[in-house]
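The structure under discussion appears below in the form of structure tokens.
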Amino acid sequence: MQLEFGEHKERQKRSRTPVADRLMFGFDDDSDSSLSDEIEDDIAVRCASERHDRPVQPRARRRYVDRDFAEGYSRLLKDYFGDHPRYTDTQFRQRFRIRRALFDRILKNVVDHDPWFKQRPSRAGKLGFTELQKVCAALRQLAYGGASDQVQ
């Protein structure tokens, strides 16, 4: 909204208070403490009125992203850890940069040592990542030096 020049000056005059006038055009002989009290009161009144003038916006809900943890787990099993994996031990070593037997020992020891790696339900009641998925992500992150959100 564009204001005409005269309207703008008039609006400025209406928005000023006696305290603002005293600050802009000079002080009288009041003590500094009474002036600072008036300024604080003036600021409090303005802040309160501005809060009531604004409409309250409803909070936006977060968007749900279905990550399909079960599908990722079944792909890991089928590709690397099943009875007949799709990729050979050599390809496993190229991908994770360690031998499969060492990976299995690390998986067992990490899960036994740290409860964070155990699968547990989220607050919504859905099961999260499995132990295998968490250890795979951690080892890939260590192997390639990437950020944690790169490995999902």
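Quick notes on this structure:
- Here His113, His84 are placed in order of increasing Cβ neighbour count within 10 Å, fewest first, which gives His84, His113.
- Neighbours of Tyr64 by Cβ distance under 14 Å: Lys/Arg scored +1, Asp/Glu scored -1, total +4.
- Relative contact order (%) - criterion: Cα under 8 Å, at least six apart; region: segment 69-150: 26
- Under the combined filter of DSSP loop state and at most 16 neighbouring Cβ atoms within 10 Å, segment 55-111 retains these chymotrypsin sites (Phe, Trp or Tyr not before Pro): Tyr64, Tyr87.
- Residue order, fewest to most surrounding Cβ atoms within 10 angstrom, among Thr88, Thr130: Thr88, Thr130
All of the numbers you see were taken from the coordinates with simple rules; none came from a lab. Keep in mind that what you see is a predicted model, and the values were worked out from it rather than measured. All Cβ positions, even for glycine, are placed from backbone atoms using ideal geometry, and neighbour counts span all protein chains on display.
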